[in-house]
1. Along its three principal axes, how long is region 28-68 when you only count alpha carbons? Whole Å, largest extent first please.
2. For region 123-239, which whole percent of the accessible surface, found with a 1.4 angstrom probe, sits on carbon and sulfur atoms?
3. Which longest uninterrupted range of the chain lacks any GluC sites (Glu not before Pro) assigned by DSSP to a loop state (not H, G, I, E or B) and surrounded by at most 16 other Cβ atoms within 10 Å?
4. Calculate for the chain the 222 nm mean residue ellipticity that helices alone would give, adding -39,500 (n - 2.57) per DSSP H run of length 4 or more and normalising by residue count, nearest 500 deg cm²/dmol.
5. Using a 1.4 Å probe on the protein chains only, how many percent of the accessible area of region 1-119 belongs to carbon and sulfur?
6. Find the relative contact order for region 98-239 and round it to a whole percent, using C-alpha pairs within less than 8 Å whose residues are 6+ positions apart.
7. More than 16 Å apart: what percent of Cα pairs in region 1-42 qualify?
8. Taking the radius of gyration and the Kirkwood hydrodynamic radius from Cα positions alone, what is the Rg/Rh ratio for the chain, to two decimal places?
Amino acid sequence: MSPRVWAAVRPWLGTHRAVVALTTLGHRGGAPAARRPVRVRDLVDHTERALDERGLERPHLAGNSLGGWMAIELARRGRARTVCALSPAGAWAAGTAEQTVGVRKIRAARRGARLGRRVPVLMRSGVARRLALRAVAVHGERLTADQALQAAEDLVDCRVVDDILATDEEIAPLDPLPCPITLAWAGADAITPVEVNGAVARARLPQARFVMLSGVGHVPMIDDPQGVAATILLASERG
């Protein structure tokens, strides 16, 4: 997606922390990838350079899905003070159903996003927004029509999505942890379900704090921005 998905979360964080939202390599609004196929480590390299450019040696990091995976990898490199990883991707054995089920659902979500972009009038309906976003949110209707269209644009126009969905990379075990890490899993996650991918993440990061976010989908910032902010702030206080 893009930093826009954090828009409703930022006001709840801004009174407690200085917030920097980065655009990932190859995503809409971000720098193009110099080589293909892009690997997750390339995205992490690019983000590490962005931290360097801003003079951020070890910030508190938060990310959702792919962003959560990237935050864990930055911690592995010693670049995080704390991490809050929301339903991180990469908690699978590459090529197995742990990965491929989520990949199919993301591709289905992109098809729905293309339809929404072609027929934008559909997004005026709360019921249509809820249906269009059901793979990532319980309450997609909480986005405005314009926000839902922007989300569709972000998803469709990500230039490296097929590279990432086809990756054979995965989160490697991390024990001991290089910094405090919180794994915050969406209780209604349809893409990386907690009973499958959450279990893998807990096994690979056994010292991480694990919390459940009830009533939210894979992109919990849509369903409960205030709750997501509170989770991130609590995670950052551990460092």
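1. Principal extents (largest minus smallest coordinate, Cα): 29, 23, 19 Å.
2. 53 percent
3. With a cap of 16 other Cβ atoms within 10 Å, the longest stretch comes to 58-168.
4. Mean residue ellipticity, 222 nm, calculated: -12000 deg cm²/dmol.
5. 52 percent
6. 26 percent
7. Result for the distance tail: 47 percent.
8. 0.94
The values are calculated or read from the model by the stated rules, or taken from the named source; none is laboratory data. Bear in mind that the values here come from a model prediction, so they are computed numbers and not experimental data. Backbone-built Cβ (ideal geometry, glycine too); neighbour counts: all protein chains shown. For the accessible areas, the whole protein counts, side chains as well, though only heavy atoms, and no ligand, DNA or RNA atoms are used. Shrake-Rupley method; radii C 1.70, N 1.55, O 1.52, S 1.80 Å.
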